[in-house]
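S.K.: First the structure, then my questions, so here it is.
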Amino acid sequence: MYAGTRVEALALVPWDTAAKDAFLGMQFAAQRRSYAAQFPKAERALVLCDGAPVGQCSVDRPGEAVLLVDVALLPERRNTGIGTARLGFATVARSGLHLAMVWHPGPLDRAGQEADGAGPGR
């Protein structure tokens with residue numbers, strides 16, 4: 001899954017398949033070490049849409065907060081509404097390719113669903 005989320009970036013370099021695979025292996029291992037050091041209790045999971053894997057994420061739960069450490073979607077599933085602002089996330093800071101975001105719940109109807117009907121999984 002990690003390699004699949006980096007296809008577009010690697011398409012820009014003139015490396016053969018073996019070189020790209022070696023680079024991806026190095027990057028994946030470095031990311032795992034870094035996240036393990038910074039977020040030792042974080043959980044890694046697949047992002048599913050209609051039961052099919054479309055990406056990956058890492059989530060940490062320090063105290064009362066839920067910290068989405070990383071989320072990456074396969075290129076063909078980006079810009080399809082899976083991770084849009086309709087889920088209540090707002091960007092609070094940018095640093096290079098990284099965004100710091102916070103989640104604020106939207107208004108709920110009497111059934112506990114988001115009032116606009118655009119809750120998760122829609």
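The values are calculated or read from the model by the stated rules, or taken from the named source; none is laboratory data. Since we're looking at a predicted model, the values are computed, not measured. In this analysis, Cβ positions are derived from the backbone assuming ideal geometry, glycine residues included, and neighbour counts consider all displayed protein chains.
S.K.: Filter segment 36-63 down to the residues that are more than 22 Å from R77 (Cβ to Cβ) and either acidic (D, E) or assigned to a helix (DSSP H, G or I) (or both) and list them by number.
M.R.: The answer is A36, A37, Q38, D60.
S.K.: Let me ask you something else. Filter segment 35-59 down to the residues that are surrounded by 12 or more Cβ atoms within 10 Å (Cβ to Cβ) and either farther than 18 Å from D70 by Cβ or of a type outside the set (A, V, I, L, M, F, W, C) (or both) and list them by number.
M.R.: Once the filter is applied, which keeps residues that are surrounded by 12 or more Cβ atoms within 10 Å (Cβ to Cβ) and either farther than 18 Å from D70 by Cβ or of a type outside the set (A, V, I, L, M, F, W, C) (or both), segment 35-59 yields Y35, R44, P53, G55, Q56, S58.
S.K.: What number of residues within segment 1-19 satisfy the criterion of being in a helix (DSSP H, G or I) and more than 17 Å from A72 (Cβ to Cβ)?
M.R.: Adding up the residues that qualify gives 3.
S.K.: Counting only residues that are in a helix (DSSP H, G or I) and modelled with pLDDT under 85, how many does segment 68-89 have?
M.R.: Of the residues in segment 68-89, 3 are in a helix (DSSP H, G or I) and modelled with pLDDT under 85.
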